[in-house]
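K.L.:
The structure's right below; bear with me while I get my questions together.
No lab work stands behind these numbers, since they all come straight from the coordinates. Since the structure is predicted, the reported quantities are computational estimates derived from the model, not experimental observations. Don't worry about glycine lacking a Cβ; one is built from the backbone with ideal geometry, like all the others, and counts go over all protein chains shown.
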Amino acid sequence: MRVTLIQMDSTKTRKENEEKALKFMKEAVNEHTDIICLSESFVYWGEQYEQRRCTLDDIKKYQNFAKENNVNIVLGSVNLIDENSDKTTNTCFVINRGGNIIHRYDKKYMYKVNRDNLIVDETMRTIPRRNK
């Protein structure tokens, strides 16, 4: 079994990051990788908050890639917009070779970042999800 970890450095736009991720993923497939693991917030680390946020529709391109290339993918994490509110969760998806999301993990203990230090904010809650 061959596992490839793709460590991303954020660029100026989300589109550039997605293109870079797909390029690295294609290279990994060409090396006969079984599992591709992308880094946390691989889509976008930039300053424009709205570019960081993803929907389930945004994940479909990675599901299609997995299916078309017969590879398993772990999306390190994305800032996913909750379907029931405007809140964002830090969510990791595991996608199998068939393009199906087989596991989803929403980070349970979110935090706020203070300029001087990191403060845990236990008031922010995520909703546990179960795949149907």
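K.L.:
Distance in nm between label sites at Lys60 and Lys12, each 7 Å beyond Cα in the beta-carbon direction?
P.N.:
In this crude spin-label approximation the distance works out to 3.0 nm.
K.L.:
I've got another one for you. At Val3 and Lys67, where each label point lies 7 Å from the Cα along Cα→Cβ, what is the point-to-point distance in nanometres?
P.N.:
Taking the simple label geometry, Val3 and Lys67 are separated by 2.6 nm.
K.L.:
Once amide H atoms are placed 1.01 Å from N in the peptide plane, what residues at a sequence separation of 5 or more from Leu5, or on another chain, have their amide H within under 5 Å of its amide H?
P.N.:
Residues meeting the amide H criterion: Cys37.
K.L.:
Okay, moving on. What net charge is computed for the residues neighbouring Asn70, neighbours being all others with C-beta under 10 Å from the C-beta of Asn70, Lys and Arg scored +1, Asp and Glu -1?
P.N.:
0
K.L.:
Right, next: Sort His32, His103 so the one with the fewest other Cβ atoms within 10 Å of its own Cβ comes first.
P.N.:
His32, His103
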